[in-house]
Amino acid sequence: MIGLGVMGRNMLLNMADHGFRVAGYDKDPAKVEALQKESMGNAIHSVADIRNFIGLLRRPRAVMMLVPAGSPVDSVIGDLLPLLEKGDLIIDAGNSYFKDTNLRGRSLTGKGIQFLGVGVSGGEEGARHGPSIMPGGPKEAYEQVRELLEAIAAKVNGDACVAYLGPESAGHFVKIVHNGIEYALMQLLAETYDLMRRGLGLNNDELRDVYGAWNQGKLNGYLVEITSRIFGKMDESTGKGLIDEIRDVAEQKGTGMWTSQSAMELQVPIPTIDLAVAMRDLSVFEKQRETASQIFNRPIPPFGGDRHVFLEQLGHALYAATIIVYAQGMAVLAAASDKYEYHLDLEAVARIWRGGCIIRAALLEDIRLAYRGQPGMPNLLLAPQMSNKLMANQEDLRRVACAAMELGLPTPCFMTALGYFDGYRSAWLPANLIQAQRDYFGAHSYERTDAKGTFHTEWTKDA
Ligand code: 6PG
């Protein structure tokens, strides 16, 4: 393992726990020492010299790296190349941009070195005790490390949360989309928090209990669970709820943005994920928001409805929006699979997301079954398992969106989830007007409903 930050260190300890003989390298001696301390009892060699590190490995070597995406990955590959031999394997287990993975894979293959781009999700805890693992690259290279990855991955009913996903950047692409879904689910939860806090005036204990109760039902999932825990956490220095001491600014490392960019390139609409990225960006404009809040001052009106009923509706609305977010994410995967020839098995993707990763949720088992029933489905919403659930909850999504608009609270992810759903279920859309406008101002031509071919009209000429 190259990169002994907490993720790399924990993955290595996880491997050692499963009886694999492993070694670690980091150029920072403090990190090497940290691993040595933590690995007491496990014979893990850790060194701060890359030559010594390579000398510890059995041939053909398998070197996994967990370093920040971008230039650090290229720099490690550059350091490794003179020390490796034909047939050795490099595994990039970080959050790399999929196009970088393609370039690296092709360049390394040309040099006789095998390369796998592997998405790993689950944070520090997952890395230590079982992440969800999304590998892509040459199948033969995967087979070399299959046993290891299956051993360290999270298990759901004994089933390892890892599957070979496809060639080249298939694994990193799936991980990017995982993170896009993660962003949208986090933003939806943040919007429910806002509605309950500023809209209904719930305190932190009540919020903890609402999310806790949701986690016991159909909304069960890791992000709902940790949200409940967050509202129960007290700040040691002030004795108040820690959440209230945290600035309202959310930054990002870029994976959500890559999901949106990639979807735009593929011309697949994922507006709820786009808005989740946008809301993080908007949160950063703290000063402007402060000024605008004075210019556009509009007090939040008292909530007029039944609070208990609204909380029920909010849970149902979140469930409906969650289904829509997964549908958007899976639709990008389906399009990428065709365009980039990944040959993704979407049932396998849902299966390995059921455990270990940040977006793990009870709903993923239903999604897996939906793809098992109809593997080639163009959109998850078309599966009866999903359409029934959505129909049963969509009215509450509307009620919540209306309430949010009246309160003046920002809920763009709820609104785009609903907008996407209403657009998708519209047999007719007003795009004929857009065709006409394009032809009017730019002679871009249009298609007709009653004849084949393309047509142009001199719009300003009298009939
Ligand atoms: C995971 C997480 C992980 C990481 C993200 C956070 O699946 O384990 O997604 O990859 O926490 O990089 O991303 P942002 O910093 O962009 O929120």
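Values quoted throughout were computed directly from the atomic coordinates according to the rules given, and no laboratory measurement underlies them. Every value quoted in this text rests on a predicted model; they were computed, and no experiment measured them. No Cβ is skipped: glycine too gets one built from the backbone with ideal geometry, and neighbour counts run over all protein chains shown.
Secondary-structure-derived ellipticity at 222 nm for the chain, considering helices only, amounts to -17500 deg cm²/dmol, per-run term -39500 (n - 2.57) for DSSP H runs with n ≥ 4.
Filter the cross-link list K86/K155; K111/K339; K27/K233; K233/K389; K155/K218 down to pairs whose alpha-carbon distance in this structure exceeds 29 Å.
Values: K86/K155 34 Å; K111/K339 27 Å; K27/K233 36 Å; K233/K389 33 Å; K155/K218 21 Å.
Those over the limit are K86/K155; K27/K233; K233/K389.
I'd like the per residue volume of the convex hull spanned by the Cα atoms of segment 6-168, given in cubic angstrom.
Details: hull volume 17.1 nm³, N = 163.
Expressed per residue, the convex hull around the Cα atoms of segment 6-168 is 105 Å³.
In the chain, taking the dipole from charged Cβ atoms about the Cα centre, the farthest positive-side position among A403, Y420, T460 is held by Y420.
Among I295, I270, the ranking by other beta carbons within 10 Å of each residue's beta carbon, starting with the fewest, stands as I295, I270. Across the chain, the relative contact order, built from alpha-carbon pairs under 8 Å that are at least six residues apart, equals 13 percent. Computed over the Cα atoms of segment 261-316, the ratio of the radius of gyration to the Kirkwood radius (Rg/Rh) comes to 1.15. Charge dipole of segment 6-168 (Cα centre as origin; +1 on each Lys and Arg Cβ, -1 on each Asp and Glu Cβ, all else neutral): 320 debye, rounded to the nearest 20. The charge dipole of segment 183-424, taken about the Cα centre with unit charges on the Cβ atoms of Lys, Arg (+1) and Asp, Glu (-1), comes to about 160 debye, rounded to the nearest 20.
Listed by chain and number, the lysines whose alpha-carbon sits under 28 Å from that of K240, ignoring those within fewer than 8 places in the same chain, are K287.
Placing one equal scatterer on every Cα of the chain and applying the Debye formula, the log10 ratio I(q)/I(0) at q = 0.09, 0.10, 0.12 Å⁻¹ is -0.69, -0.82, -1.10. When the charge dipole of the chain is built from unit charges on Cβ atoms (+1 for Lys and Arg, -1 for Asp and Glu) and taken about the Cα centre, the candidate among L66, L364, T238 whose Cα reaches farthest toward its positive end is L66. Each Cα pair under 8 Å and six or more residues apart adds its sequence gap; the mean of these over the residue count of segment 60-217 is a relative contact order of 18 percent. Between L188, F115, Y211, the Cα set farthest toward the positive side of the dipole of the chain (charges on each charged residue's Cβ, about the Cα centre) is that of F115.
Axis angle, to the nearest 10 degrees, between helix 222-231 and the longest C-alpha principal axis of the chain: 80 degrees.
Applying 0.36 nm per residue to the separation of R398 and E312 and subtracting their alpha-carbon distance, the gain on full extension is 29.6 nm. To the nearest ten degrees, helix 412-424 and the longest principal axis of the Cα atoms of the chain are 70 degrees apart. Once you place label points 7 Å from the Cα toward the Cβ at L369 and E140, how far apart are they in nm? With each label placed 7 Å out from Cα toward Cβ, I get 4.1 nm. Please identify which residues in segment 416-433 have an amide N closer than 13 Å to a label point set 7 Å out from the Cα of T457, following the Cα→Cβ vector. In segment 416-433, the label zone of T457 (backbone N under 13 Å from the point 7 Å along Cα→Cβ) covers 432-433.
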